Every structure is written in C-alpha cells, then in structure tokens.
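Peer 1: Before anything else, here's the structure in question.
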Amino acid sequence: MRVFVLGAGASKSYGDSPSGQRMPIARDFFETYDGLDLSANPWVLIGSLVNYVEDFLGNQDAYAYLRSGVDIEELHSQIEADRDRLLHEQGLVAAMTPYKAYNELLFLFAAVLNDIQNGPPSKAHMRLIDGLAEDDVIITFNWDTLLDRTLCERTCWRPDWGYGIAPQTLFDDGWREPRSTGERRGNRLIKLHGSTNWLTAFSLTDGKGKIVPGQDVDPAAFAVFEQASGPYACFKGRYIGDYAPYSYGYYPPNLPFTGRPAPEGRKIVRFTPSWIPSGSAPQDGLTSMPLIIPPVKNKSYDFYGKLFADLWSQAEEALTSADEIMIIGYSFPQTDVQSEKLFKRAFARRKTMPRITILDPNPAPVATRMQAEFGIDENHLCVISQYFSHDTELG
C-alpha cells in the first residue's frame, strides 16, 4: 500500500486556470489575488483587514503593505492572536476589527483558490490518480479541490464517503443526504486542513470572550459542496455563478442546519454596510463559511469537535501501514507542527522502515529531515528533484 502526501507544491502545478493564475504561496498571495477578477468585486470583503493593517500595525498604506511580499501566514497568526487577546481582556467591541479581519482572510483564501481551480481538471492530478492502486491513500494539507474533482471524474470515488468522514449533507443543485455507506468504493482522500468545498456555520462569540460554532448541532457536522448550475440561497443573496464542480463564487450556499441560539438576554446581530448591494438569490438558511484550518501557528482543530481528530488518526494509521510514502511538494512548514508529530507517531509504531520518495524542486531540506529526525536510511530514500507535473513518473 502506498500513501501520497501532498503539499502546496502539488497544487502549484495547476496551470490551466482560465484566470491565468497559479495557486498562491505565503508571500505572493495578494499578488495572485490582484490578478483575479475577484479583486474588483464589491462583494469580496477586505475592509476590516485594511483597517487592521492601518490601526493595529500602523501602516498608513495598507494596500501597499499587503502587496509587499508579506507572509500571509504570519499576518493571519498575528490577527488571530490580537483577536483572542482582546476578546478575552476587553470583549467583542474591542476585538471587532481583528475578529472580522480573521474571517475576511479565511473567506479570501477560499475565494482565491475557487477562482483559480475554476477550469478544466488538473492533468498532473489525473496522472497521479490514474496510477493509483485500489488501496492507495492520499493525504493532503491543501484546501483546494483539484484532487476531489479529478477523483470524482475518473474513478468511483464520491464525496459521500471518499473523505474518510461522512458529511451531514451535500449540495448538488440542492441539499441531499449522503448515499449509503454500503456503496463506499475508491481511494481515501484525507484532507488534514479541511477543504474549500467543506462548509460549516459562520462562527459566533458567546459573550464571554470565546468563539463558538454558529450551528446548534455537533460541531463536527459539516456539509460538502459539489456543484451548482444556478442560484442558491446564500448570504445577502450574493450568488456568483459559472463555476466548475467543487468550486463556488465567494459566498457558499447557506446551510440547512439549525443555528445556535443567542445567550440569554442577548441577540445575534450581523452588520452589513448599506452601500454594499445585496444579490437577487434567496437568503434562507444558516449563513455558512468554508471549513478550513487556516495557516496560523495555533491551529484550532478542536473547534470542530472530533472531526479533525478522526482525520489525523486515519492519516497516522495509513502512514503506519504504508509500504511506500511519496511526499509531493510538501516542505513541513514551521506552522505545521502537528504534521511533524504525525510522522513521528506513525514511524514509532512501525516494525519496518518504509520506502520514502520525495518529489520536489528543492528536496534537500525534506530529505535531510527524513534522515536526521525520522531515521530513514539512504537505501530507503529516493529523491526526485523536479516539479510535480503531468509528465511526472510516479512509478
């Protein structure tokens, strides 16, 4: 059995986007955003992010700062830290700017990926998927749906069961229940940081300095977006169409979940500037947001109940059992502390040493780590110094 571990470098291979852009990395995120039509859409919210940069970071020209090669992961981590500190010390009013800026960045991450992946299926991912054996497992730290869509189009994989966890409901031109688990077939796609097409209720604060899920169901309950051929109910009716399967335009569909009630003596209020026009689509349902773990230092996996604990456990079991592990475009970034622990736990349980293949244009740091920290000897290590593409021979 083989396990494929994919990072940002694997998604960077996608070059067929009608937008002309490739998937961003930490320091070119806003440069990529500027190259999308999305950046001129008034429904795309960045006002609180701009206010945060100017008021909290003291940059008079927020737009110039954001486009100066700033590390978006470090910025998001700083916003999160200020949000949580102010919520705890002074309450929501004082924390409103970083609170909203944090959510704006999360929506922006998903929106940029949705716009870039809104094209034909990825040839590189086709090549990978066409070479899979029946029991091979894919683990990815990426949020995009290049793999999801290609798996669905070229194999018997389906989102009802293919993620290793069952969604509460799926949107396929309307909400539907997951198909019978007895129909499970195909390779597992384990997405350890969530996915742009996974949806959860918009988060709230409990009035005591804590951010809580906005849904009055198990926090691990989530929805999956498959496709929409026409308008759906969403926030302020702001539906944007013409998207390929597994992608949507900025605002995902509202959920058929029950919302969390307001604390006793309080009301849930959302403020929307009157100068931003509403759309013509329906507005019923519970406001949703992408279910992704953003690239911050303190990742809140527990916020979603047992969902991510289950996924990481499945990933550990796969890495423990694999005969070969192929690492494609994943560099073990500093903000992914949990991934290092994952490999160490899995390797500590093994009775045999796996074969490790590293595919990356700069594989030396990962190869060194595999030997120095994980104890992989040279005879079990294969290094391929190249980009992941449709020409890649994966063996």
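The values are calculated or read from the model by the stated rules, or taken from the named source; none is laboratory data. Keep in mind that what you see is a predicted model, and the values were worked out from it rather than measured. Glycine also receives a Cβ, built like all others from the backbone with ideal geometry; neighbour counts cover every protein chain displayed. All accessible areas refer to the heavy atoms of the entire protein, side chains included, with ligands and DNA or RNA removed. Shrake-Rupley method; radii C 1.70, N 1.55, O 1.52, S 1.80 Å.
Peer 1: With a 1.4 Å probe and all protein chains left in place, how much accessible area per residue does region 53-178 have, in Å²? Let's see the in-between values first.
Peer 2: On the way: 4870 Å² over 126 residues.
I get 39 Å² per residue for region 53-178.
Peer 1: Also, quick follow-up: Once you've got the Cα coordinates, tell me which of Lys191/Lys344; Lys12/Lys210; Lys236/Lys306; Lys123/Lys191; Lys123/Lys297; Lys100/Lys344 are over 27 Å apart. Before the final figure, lay out the partial values.
Peer 2: Working: Lys191/Lys344 19 Å; Lys12/Lys210 36 Å; Lys236/Lys306 31 Å; Lys123/Lys191 20 Å; Lys123/Lys297 33 Å; Lys100/Lys344 36 Å.
From Lys191/Lys344; Lys12/Lys210; Lys236/Lys306; Lys123/Lys191; Lys123/Lys297; Lys100/Lys344, over 27 Å: Lys12/Lys210; Lys236/Lys306; Lys123/Lys297; Lys100/Lys344.
Peer 1: Can you sort Lys351, Lys123, Lys100 by 1.4 Å-probe accessible area, starting with the largest? Working shown, then result.
Peer 2: Details: Lys351 205, Lys123 105, Lys100 70 Å².
Final ranking, largest accessible area leading: Lys351, Lys123, Lys100.
Peer 1: How would Ser389, Ser339, Ser331 line up by accessible area, probe 1.4 Å, largest first? Before the final figure, lay out the partial values.
Peer 2: Values: Ser389 35, Ser339 0, Ser331 80 Å².
Putting Ser389, Ser339, Ser331 in descending order of accessible area: Ser331, Ser389, Ser339.
Peer 1: Let me ask something else about it. For Thr357, enumerate residues with amide H under 5 Å from its amide H, sequence gap 5+ or separate chain, H modeled in the peptide plane.
Peer 2: HN-HN under 5 Å from Thr357: Ile325, Met326, Ile327, Cys382.
Peer 1: Here's something else I'd like to know. Expressed in nm to one decimal, what extension gain is obtained for the pair Glu378 and Asp242 from 0.36 nm per residue of sequence separation less their Cα-Cα distance?
Peer 2: Extra length from Glu378 to Asp242 when fully extended: 44.0 nm.
Peer 1: Give the share of C-alpha pairs in each 5 angstrom bin for region 311-395, from 0 to the last occupied bin, in whole percents, shortest bins first.
Peer 2: With 5 Å bins starting at 0, P(r) equals 3, 14, 25, 27, 19, 10, 2.
Peer 1: Continuing with the same structure: At 222 nm, what value in deg cm²/dmol follows for the chain if DSSP H runs of at least 4 each add -39500 (n - 2.57) and the sum is divided by all its residues, to the nearest 500? Spell out each step's value before the answer.
Peer 2: Values: 11 runs with 121 residues, N = 395.
It lands at -9500 deg cm²/dmol.
Peer 1: Near the amide H of Ala281, under 5 Å away, which other amide H atoms are found, from residues 5 or more places off or on another chain, if H is placed in the peptide plane?
Peer 2: Tyr239
Peer 1: While we're looking at this one, here's another question. Where the accessible area of the chain is counted over protein heavy atoms with a 1.4 Å probe, how much of it, in %, is carbon and sulfur? Mind showing how you got there, number by number?
Peer 2: On the way: 8260 of 17460 Å².
C and S fraction of accessible area: 47 percent.
Peer 1: Hey, another quick one. Round to the nearest 0.05 the FRET efficiency obtained for Ser385 and Asp310 when R0 = 45 Å and r is the Cβ-Cβ distance. It would help to have the intermediate numbers written out before the result.
Peer 2: Values: r = 35 Å, r/R0 = 0.79.
Taking R0 as 45 Å, the efficiency between Ser385 and Asp310 is 0.80.
Peer 1: Of Ala221, Gly194, Ala315, which is farthest towards the positive pole of the chain's charge dipole, taken about the Cα centre with +1 and -1 on the beta-carbons of Lys, Arg and Asp, Glu respectively?
Peer 2: The one lying farthest along the dipole's positive direction is Ala221.
Peer 1: OK, next. Under 12 Å from the Cα of Lys351, which aspartates and glutamates turn up, not counting those fewer than eight places away in the same chain?
Peer 2: Leaving aside aspartates and glutamates fewer than 8 places away in the same chain, those within reach of Lys351 are Asp323.
Peer 1: Return the sequence-ordered ³J(HN,Hα) values of region 358-374 in whole Hz as given by the Karplus equation 6.51 cos²θ - 1.76 cosθ + 1.60 applied to θ = phi - 60°, using x for Gly and Pro.
Peer 2: Calculated HN-Hα couplings, in order: 10, 10, 6, x, 10, x, 4, x, 6, 4, 4, 5, 4, 7, 6, 9, 10 Hz.
Peer 1: Ranked highest first by average number of other Cβ atoms within 10 Å, how do 8-14, 236-242, 145-151 line up?
Peer 2: On the way: 8-14: 23.7, 236-242: 16.6, 145-151: 25.3.
So the peptides 8-14, 236-242, 145-151, ranked by packing, come out 145-151, 8-14, 236-242.
Peer 1: Under unit Cβ charges (Lys, Arg +1; Asp, Glu -1), what dipole magnitude, rounded to 20 debye, does region 106-189 have relative to its Cα centre?
Peer 2: Details: 10 positive and 13 negative charges, 19 e Å.
The calculated dipole for region 106-189 is roughly 100 debye.
Peer 1: Which distance in Å, rounded to a whole number, links the C-alpha centroids of region 300-322 and region 51-98?
Peer 2: Here the two parts' Cα centres lie 30 Å apart.
Peer 1: Give the cross-link partners of Lys341 among the aspartates and glutamates, using a straight C-alpha distance below 12 Å as the criterion and excluding same-chain residues fewer than 8 apart.
Peer 2: Once the sequence-local aspartates and glutamates are set aside, what remains near Lys341 is Glu316, Glu373.
Peer 1: Over the heavy atoms of Val383, what accessible area does a 1.4 Å probe trace out, to the nearest 10 Å²?
Peer 2: Rounded to the nearest 10, that gives 70 Å².
Peer 1: I need the peptides 29-39, 191-201, 288-298, 101-111 ranked by packing, meaning the mean over residues of other C-beta atoms within 10 angstrom, with the highest value on top. Kindly include the intermediate steps, with their values, before the conclusion.
Peer 2: Numbers: 29-39: 18.2, 191-201: 26.0, 288-298: 20.7, 101-111: 22.4.
With the highest mean Cβ count within 10 Å placed first, the list reads 191-201, 101-111, 288-298, 29-39.
Peer 1: Taking all protein chains together and a probe of 1.4 Å, list Phe303, Phe374 from the most accessible to the least accessible. Before the final figure, lay out the partial values.
Peer 2: Values: Phe303 55, Phe374 25 Å².
Sorted descending by solvent-accessible area, the residues read Phe303, Phe374.
Peer 1: What ³J(HN,Hα) values, in whole Hz, does the Karplus curve 6.51 cos²θ - 1.76 cosθ + 1.60 give for region 126-143 when θ = phi - 60°, with x put for Gly and Pro?
Peer 2: 4, 4, 4, 5, 5, x, 6, 7, 4, 9, 5, 10, 10, 10, 10, 9, 8, 8
Peer 1: Say the dipole of the chain comes from +1 at the beta carbon of Lys and Arg and -1 at that of Asp and Glu; which of Pro252, Gly164, Ala110 then lies farthest toward its positive end?
Peer 2: Final value for the positive-end residue is Gly164.
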